[in-house]
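Chemist: Below are the structure tokens for one structure; questions will follow.
Where a number appears in this text, it was derived from the coordinates with a stated rule and is not lab data. What you are looking at is a predicted structure, and each value in this text was computed from that prediction instead of being measured. Using ideal geometry, Cβ is built from the backbone for each residue, glycine included, and neighbour counts are taken over all protein chains shown.
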Amino acid sequence: MRDAAAGISVKYLENLFAKESSAHELSKEKMQPTYKEGMSISAAEASILKFLIQSHSYKKAVEIGCFAAYSSLWIAEAIDGGELHTFEYNKEHAEIAKEVITAYEGPSKINLHQGDARQALASIESEAPFDFVFIDANKAGYYEYFLWAEKNLRSGGMIVGDNTLLFGEVGLDQPERVSNSQWREMRKFNEAMADSEKFISCFVPTTEGLTIALKR
Ligand SMILES: C[S@@+](CC[C@H](N)C(=O)[O-])C[C@H]1O[C@@H](n2cnc3c(N)ncnc32)[C@H](O)[C@@H]1O
């Protein structure tokens with residue numbers, strides 16, 4: 001009963017702070033055949049991204065891990081007239097994202113790059129520095145993406161990483177269900193994001209965990 005009440009209340013708040021458009025509905029419909037629990041951010045998490053972007057008037061954004069472009073649509077809305085580069089490795093996911101992005105009619109430009117972000121990110125370095133980097137892809141790649149983001153972000157820019165609780169295992173002495181490399185790299189990522197000489201940062205305990213760092 002309490003769970004049902006909490007669910008209704010979250011939905012009520014999501015509708016106030018991050019009301020989905022028909023584009024978000026399309027993304028959710030298209031992602032269904034390949035969707036696994038927690039793969040896409042929630043509207044509540046989107047409201048945090050939107051808040052962070054709009055309160056800093058960010059315009060140049062990068063997203064690593066696009067899936068069905070659900071989070072891309074939120075970022076594109078928040079940068080309002082800016083440009084988003086989003087990266088997706090999986091061909092099937094990139095095809096879905098392409099359909100969703102083609103139907104998108106908002107004011108920002110969304111560039112979808114199909115390929116492994118570990119190599120493909122180099123293709124946009126000539127456009128650096130960026131304002132905002134959202135990391136939501138392969139967990140063992142987070143620290144590598146952090147290094148890229150730190151280098152290609154302007155002072156005052158922001159890095160946000162999703163899933164930083166690593167399914168609840170990031171704080172364990174050794175991983176139980178995730179791989180050693182996922183555990184090691186996610187810890188390196190969080191520890192680097194917590195460096196107070198370089199960043200003003202925080203952790204938000206959403207279901208998946210959101211780590212946020214603003215570059216000094
Ligand atoms: C959690 S989903 C992204 C969800 C999306 N950000 C959202 O909230 O709507 C992670 C995506 O990252 C993609 N991915 C995994 N490894 C990648 C890599 N090396 N380069 C680019 N994308 C990758 C996966 O195929 C998957 O679609």
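Chemist: Students often check this: by mean Cβ neighbours within 10 Å, which of 41-51, 101-111 ranks highest, and how do the rest follow?
Modeler: Numbers: 41-51: 19.5, 101-111: 15.3.
Result, highest mean first: 41-51, 101-111.
Chemist: If you don't mind, another one. With θ set to phi - 60° and the Karplus curve 6.51 cos²θ - 1.76 cosθ + 1.60, what are the ³J(HN,Hα) couplings of segment 46-53 in order, to the nearest whole Hz, using x for Gly and Pro?
Modeler: In residue order, the calculated couplings are 4, 5, 5, 4, 4, 4, 4, 6 Hz.
Chemist: So, one more: Which log10 I(q)/I(0) values, to two decimals, does segment 82-195 give at q = 0.19 Å⁻¹ under the Debye formula with one point per Cα?
Modeler: Once normalised to I(0) and log-transformed, intensities are -1.07.
Chemist: Can you list residues whose amide H is under 5 Å from LEU210's amide H, if they're 5+ apart or on another chain and H is modeled 1.01 Å from N?
Modeler: Hits under the 5 Å cutoff: THR164, VAL204.
Chemist: Quick one: compute the contact order of segment 2-215, relative version, from alpha carbon pairs under 8 angstrom and 6+ residues apart, as a percent.
Modeler: Values: 368 pairs, mean separation 33.5, N = 214.
Relative contact order for segment 2-215 comes out at 16 percent.
Chemist: Given the chain, what percent of its DSSP beta bridges are antiparallel, to the nearest 5?
Modeler: Numbers: 11 of 31 bridges.
Of all bridge pairs located within the chain, approximately 35 percent are antiparallel.
Chemist: Name the residue from PHE67, ALA23, HIS85 whose Cα lies farthest towards the positive end of the charge dipole of segment 2-215, charges +1 on Cβ of Lys and Arg and -1 on Cβ of Asp and Glu.
Modeler: The one lying farthest along the dipole's positive direction is HIS85.
Chemist: For segment 91-148, what log10 I(q)/I(0) values come out of the Debye formula at q = 0.18, 0.24 1/Å, with one point per alpha carbon and no solvent?
Modeler: Debye output, listed in q order: -0.79, -1.23.
Chemist: With charges only on Cβ, +1 for K and R and -1 for D and E, what is the dipole size of segment 2-215 about its Cα centre, in debye, rounded to 20?
Modeler: Numbers: 22 positive and 32 negative charges, 42 e Å.
Computed about the Cα centre, the dipole is about 200 debye.
Chemist: For segment 121-193 and segment 25-39, what is the separation of their Cα centres, given in Å?
Modeler: 23
Chemist: Separate question: Let me make sure I get this right: for segment 19-145, a, b and c are the square roots of the gyration tensor eigenvalues over alpha carbons, sorted descending. Under 1.5 in a/c it's rounded, otherwise prolate if a/b > b/c, else oblate. Which is it?
Modeler: Numbers: a/c = 1.39, a/b = 1.05, b/c = 1.32.
Since a/c stays below 1.5, the shape of segment 19-145 is classed as rounded.
Chemist: Stretched out fully, how many nm does the piece from GLU191 to THR206 gain, at 0.36 nm a residue minus the Cα gap?
Modeler: Details: separation 15, 0.36 × 15 = 5.40 nm, distance 1.83 nm.
That works out to 3.6 nm of additional length.
Chemist: Taking only the alpha carbons of segment 1-91, what extent do you get along each of the three principal axes, in Å, biggest first?
Modeler: 43, 34, 20
Chemist: Which value does Rg/Rh take for the chain over its C-alpha atoms, Rh per Kirkwood? List each step's numbers first, then the result.
Modeler: Details: Rg = 16.5 Å, Rh = 17.5 Å.
We get a ratio of 0.94 for the chain.
Chemist: For GLU63, which sequence-distant residues (separation of 5 or more, or a different chain) have an amide H within less than 5 Å of its own amide H, given hydrogens modelled in the peptide plane?
Modeler: Those qualifying (amide H under 5 Å, at least 5 residues apart or on another chain) are HIS85, THR86, PHE87, PHE134.
Chemist: Would you mind computing, in nm to one decimal, how far apart the modelled labels at GLU29 and SER9 are, each placed 7 Å from Cα along Cα→Cβ?
Modeler: Going by the 7 Å Cα→Cβ label model, 3.3 nm.
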